[in-house]
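So the structure is just underneath, and the comments pick up after that.
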Amino acid sequence: MTSHDRQSARDSSQAWQELTSDFEHARAREDSLDRLVEWPAQRDLLGDVTERSILDLGCGNGAKLAELARDGAVASAGVDIAGKFIPAPPAGVELIQGDLSHPERVPQPIGRTFDRVLFLQSFGYAEDPVHTLRAARAMLKRDGFILLTRTQPIRYAVERTERNGTSLGEEYFSSADYTYRTGWNEHIALSKRPFTMSDLLNTFSAAGLWIETAAEPRLTEEAARRYPHKQEWMNKYLGILIFKLRPLASH
Ligand SMILES: C[S@@+](CC[C@H](N)C(=O)[O-])C[C@H]1O[C@@H](n2cnc3c(N)ncnc32)[C@H](O)[C@@H]1O
């Protein structure tokens, strides 16, 4: 990890202090892709959570974790840098302000292990992705798994081709940091370290994880008919990738 990586992770953390409420507001809309595509797919891969303990790293306001607790999850914790959490989380859910770059240092979960560790659209903010994943892996109980989602790298490449008038290949393979304004708040810029599919897969291997399942969720036909502007967006930018990751026995 370079000092530049550390700086850009710090900048993102600062931006998120201000962005969180806008993001949660957008997420709550009935036509949000989180509601229509991402959360149903994440929920599906998580399966039955009865009696399962869950650590949600970059948990936003903690609403997803609260829903999992209502579905039977126990002894769970959510960590987010912004610390803007739902009031009165349900029993069995602790929401902690902290940095997912160092899950091992977050005060409450120290020494605790979990059946599931989640990185839902938050892994890109880790200062050192391999370190973070290794630390998360060490916090898994026997038979536990990590559920990790990331935006398709093609999406950012397409956005950059539109902005810079370049080609897809040039942008997909470019290693320059990418700063963009989100649709949630035009005034706040987020910086992303670009990555390719092989970068991501090699990160999983370096952290001693194997991919049990990968998914690229799409809108249902009914949702596509109902929200054609969302289908149009998906046709262009593809959406997210989801990975169910398990520790390799050999590590
Ligand atoms: C796109 S949101 C996703 C929120 C939630 N996981 C979801 O799926 O709805 C990204 C979240 O990551 C959090 N985040 C960004 N950098 C972080 C860091 N260094 N440590 C912990 N959380 C961070 C942000 O505050 C934000 O809540």
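None of the figures in this text is laboratory data; all of them are computed from the coordinates on show. On a predicted model such as this, the values are computed, not experimentally measured, just so you know. Positions of Cβ are backbone-derived with ideal geometry, glycine not excepted, and every protein chain shown enters the neighbour counts.
Here, P(r) means the percent of Cα pairs in each 5 Å bin from 0 to the largest distance; for region 137-220 it is 3, 11, 19, 19, 17, 15, 10, 5, 2, 0.
Backbone amide hydrogens, once placed in the peptide plane, bring residue 114 within less than 5 Å of 140, 141, excluding anything fewer than 5 places away on its chain. Computed over the Cα atoms of region 11-67, pair by distinct pair, the Kirkwood hydrodynamic radius stands at 12.8 angstrom. Using only alpha carbons, the chain has a radius of gyration to Kirkwood radius ratio (Rg to Rh) of 0.94.
Calculated [222 nm] ellipticity per residue, helices only, for the chain: -11500 deg cm²/dmol; basis is -39500 (n - 2.57) per DSSP H run with n ≥ 4, divided by all residues, nearest 500. Distance between the pseudo-spin-label points of residue 250 and residue 43 (7 Å out from Cα toward the beta carbon): 3.9 nm. Amide H contacts under 5 Å for residue 78: 56, 94, 95, 96, restricted to partners 5 or more places along the chain or on a different chain, H placed in the peptide plane at 1.01 Å from N. The length gained on full extension between residue 218 and residue 174, counted as 0.36 nm times the residue separation minus their Cα-Cα distance, comes to 13.2 nm. Between the C-alpha center of region 16-39 and that of region 107-152 there is a gap of 21 Å.
Computed from point charges on the beta carbon alone (+1 for Lys and Arg, -1 for Asp and Glu), the dipole magnitude for the chain about its Cα centre is near 280 Debye. Computed over region 198-251, the quotient of the alpha carbon radius of gyration and 2.2 N^0.38 Å is 1.57.
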